[in-house]
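Below is one structure; the comments refer to it alone.
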Amino acid sequence: MKKIKAGVVGATGYAGAEICRLLFGHPQAELSAVSSVSFEGMALSQVYPAYYQVQDMVCGTQDEVVEKSDVVFAALPHGLSQELAAQCHQAGKVFIDMGADFRLADEAAYQEWYGGTYTDKALHEEAVYGLPEFFREEIKGKRLIANPGCYTTAVPLALAPALEKGLIEDRGIVCDCKSGVTGAGRKPTQGNHYPELNESFTAYKVVGHRHTPEIEQTLSRLAKEDVRVTFVPHLLPINRGILATCYARLKPGVTQSQIWEAYHERYDREFFLRLLPQGQVANVKNVRYTNYCDISLFMDARTSTFISISAIDNMGKGAAGQAIQNMNLSFGLEETAGLLLLPPAF
């Protein structure tokens, strides 16, 4: 079988470089072209020495990526993907957007939270939201996929089964989340400068983080009712990982066995979702460099509180791994292709 040609725009950012790493081990796809505004004309291995003599492809232009590829991954900041998506659409290429430009169905919400507009409304109507465990059938064969981010993957995976079954209230949900510093991107800032980050642990964007409407959009769609959450992200002094600890009020009479039954029914057939044994707590260490999501469930009967904890690698299931999973679905490949990676044991 001829291998799928996969190109990456924004290949020298963390998410783009991780896509290049995963493609190296994909049995049915190969890296065809890469681009980077900051490092055009330089090899990936010059930017990331770990790739030396393994992935030495030189960063070209965005147009070259589109021309040479069957699928284009756009690892770009919000606001920069719409024109590229239109170019890929016209050229008949599959486009997987790692940014936020196609994630929100409501343009008014995009204007409110990102300050932008939809330049091609018809193109936005063709986009599908790429969280495979919930929307797999919609993703299959599609050519424009909005790849969710890290928090917007971890939180819905933690809460969806309980909401779908009506076991928890749709108000008063608290999502207390922690992220490794790679989530802030590769460009240095004061916040991710080593002396500021080391020996530190802090919340940020406590009210008004841009992932809030996306989390609510997914949960509302699955619950078939309007869901609102309080979302508070924190920055951990580690490289990779998302830990989402979510609290919700149990509805009267709900038992622990009902909770477990709902999650087993939803997730037991999902390869990348690992529902941990009762009492075991999800840990970002155990999902590093993979596309897995570990989930722990707890029930505080004293306060009628449901606690669901999910752990993912923000560069894996929260970004590049999920993008590869979406590519596999788009092209009709085995969904796990290129993603059969065991987490390091220590």
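Below are the figures for this structure:
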read-out	value
Residues within region 21-42 that are under 18 Å from SER69 (Cβ atoms), surrounded by 16 or more Cβ atoms within 10 Å (Cβ to Cβ) and hydrophobic (A, V, I, L, M, F, W, C), tallied	6
Single condition GLY183 does not satisfy, out of (1) in a loop (DSSP other than H, G, I, E, B); (2) modelled with pLDDT under 95; (3) of a type outside the set (Lys, Arg); (4) crowded, with 22+ Cβ neighbours inside 10 Å	(1)
Among the candidates GLY321, GLY338, GLY332, residue that is within 22 Å of LEU159 (Cα to Cα), at pLDDT 95 or above and within 21 Å of the chain's Cα centre (by Cα)	GLY321
Filtered residue count, region 103-117, keeping only those that are of a type outside the set (Lys, Arg), closer than 15 Å to LEU80 by Cβ and surrounded by 18 or more Cβ atoms within 10 Å (Cβ to Cβ)	1
Test: residue in region 218-229 that is under 16 Å from the mean Cα position of the chain (by Cα), among the aliphatic types (A, V, I, L, M), surrounded by 23 or more Cβ atoms within 10 Å (Cβ to Cβ) and in a helix (DSSP H, G or I)	yes
Selection status of ARG269, crowded, with 19+ Cβ neighbours inside 10 Å and either touching a Cys at 6+ places or on another chain (Cβ under 7 Å) or at pLDDT 95 or above (or both)	no
Those helices (runs of 4 or more DSSP H) lying entirely in region 30-126 with at least 2 residues touching a strand residue (DSSP E or B) at 6+ places or on another chain (Cβ under 7 Å) and not acidic (Asp, Glu)	62-68, 82-91
Qualifying residue in region 323-338 (condition: in contact with a Phe, Trp or Tyr (Cβ under 8 Å, 6 or more places away or on another chain), within 17 Å of VAL284 (Cβ to Cβ) and of a type in the set (Gly, Ala, Ser))	no
Breaking point among (1) touching a residue at least 40 places away in the same chain (Cβ under 8 Å); (2) out of contact with any Gly (no Cβ under 8 Å at 6 or more places or on another chain); (3) not in a loop (DSSP other than H, G, I, E, B), for GLY191	(3)
Of all residues in region 92-123 being of a type in the set (Val, Ile, Thr) and within 21 Å of the chain's Cα centre (by Cα), the one that is nearest to ARG210 (Cα to Cα)	ILE96
Unmet requirement for LEU163, which otherwise passes all of (1) aliphatic (A, V, I, L, M); (2) assigned to a loop (DSSP other than H, G, I, E, B); (3) assigned by TED's automatic domain parsing to the domain that holds LEU250	(2)
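Residues are listed down the side, and each one gets a yes or a no for (1) within 29 Å of LEU76 (Cα to Cα); (2) aliphatic (A, V, I, L, M); (3) free of Cβ contacts under 8 Å to residues at least 24 places away in the same chain:
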| residue | (1), (2), (3) |
| --- | --- |
| ASN283 | yes, no, no |
| ASN291 | yes, no, no |
| MET299 | no, yes, no |
| SER304 | no, no, no |
| MET315 | yes, yes, no |
| ASN328 | yes, no, yes |
| LEU333 | yes, yes, no |
| LEU342 | yes, yes, no |
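The values are calculated or read from the model by the stated rules, or taken from the named source; none is laboratory data. In this text the structure is predicted, and so the values were computed from the model without any measurement. Using ideal geometry, Cβ is built from the backbone for each residue, glycine included, and neighbour counts are taken over all protein chains shown.
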